[in-house]
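Here's the structure, in structure tokens; my notes come after.
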Amino acid sequence: MQHITLTNILSAEKQYRTNLINCLSGVRTAQLLGTQNAAGQTNLAIFNSAIHIGAHPPLMGLIFRPLEAQQHSLQNILDTQHYTLNTVPIDRLASAHQCSARYPQEVSEFAANGFTPWYSEQHPAPYVEEAALRIGLKLVEKIDIALNGTMLLIGEVQEIWVTENALEADGNIRYDLLEAAGVGGLDTYYRFEAAARFGYAKPNELPKNLL
């Protein structure tokens, strides 16, 4: 097994270090972040940093780099307070990844990469029509992280749109049935496959596989 120390990490070439540390948190759901500015100009960016914050109230978090990094999505959220998270269809990976390119502000990544903006009556930010799971959020807190200049944006879930066959009776969502993509690091994508689902664990008792 290879041993990588902090000294090795800090002395490594920048891109190697970036790839290595981004991979450490494992495979996450790839998300397309939908926003628009006050003038109605839409923006679509791919993210791998969506996290669960809490269920009561329903909260999700996103990590952002500093605003100076030409992040139109971040500015749109700060200005309008609303945004969406949308799963990436497994058959649209190249188009979704291309949303990470630095387009000029006047260019919508929706149009540039063949995605369709879709709006619900209850939420002002654009969803991705091709996504099997769409989440509408409202910004409720911004936490600046002094260590590296990043920030955590916490959003309250306002509504959810999900393909019916992927939503189980107890509220569990099957990502394999969504045909959604996972992402490891910055650029490696994965298919989800359900391996097991267990009931509530009790001491000295092996849980039954529910799948």
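The numbers here are math on the coordinates, done by the rules we state, and not lab data. Computed from a predicted structure; not experimentally measured. Glycine gets a Cβ as well: all are built from the backbone with ideal geometry, and neighbour counts include every protein chain shown.
Results, tabulated for the structure shown:
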{"read-out": "Listed candidates [x] 175; [y] 150; [z] 130 - label of the one calculated as volume of the Cα convex hull per residue in Å³", "value": "[x]"}
{"read-out": "At R0 = 22 Å, FRET efficiency that the Cβ-Cβ distance of SER100 and VAL27 yields, to 0.05", "value": "0.80"}
{"read-out": "Max mean-square fluctuation residue, GNM over the chain, Cα-Cα springs under 10 Å, options GLN71, GLN122, GLN15", "value": "GLN15"}
{"read-out": "FRET efficiency, ALA111 to ASN8 (Cβ-Cβ, R0 45 Å, nearest 0.05)", "value": "0.55"}
{"read-out": "Simple label model, 7 Å out from Cα along Cβ direction - GLN15 to ILE63, nm", "value": "2.2"}
{"read-out": "MRE, 222 nm, helices only [DSSP H, n ≥ 4, -39500 (n - 2.57), over the chain, to nearest 500]", "value": "-4500 deg cm²/dmol"}
{"read-out": "Protection proxy ranking, peptides 1-7, 76-82, average beta carbon neighbours within 10 Å, highest first", "value": "76-82, 1-7"}
{"read-out": "Spatial separation of Cα centroids for region 133-190 and region 50-119, in angstrom", "value": "11"}
{"read-out": "Among ASN113, ASN43, ASN148: highest mean-square fluctuation, GNM of the chain, C-alpha pairs under 10 Å", "value": "ASN148"}
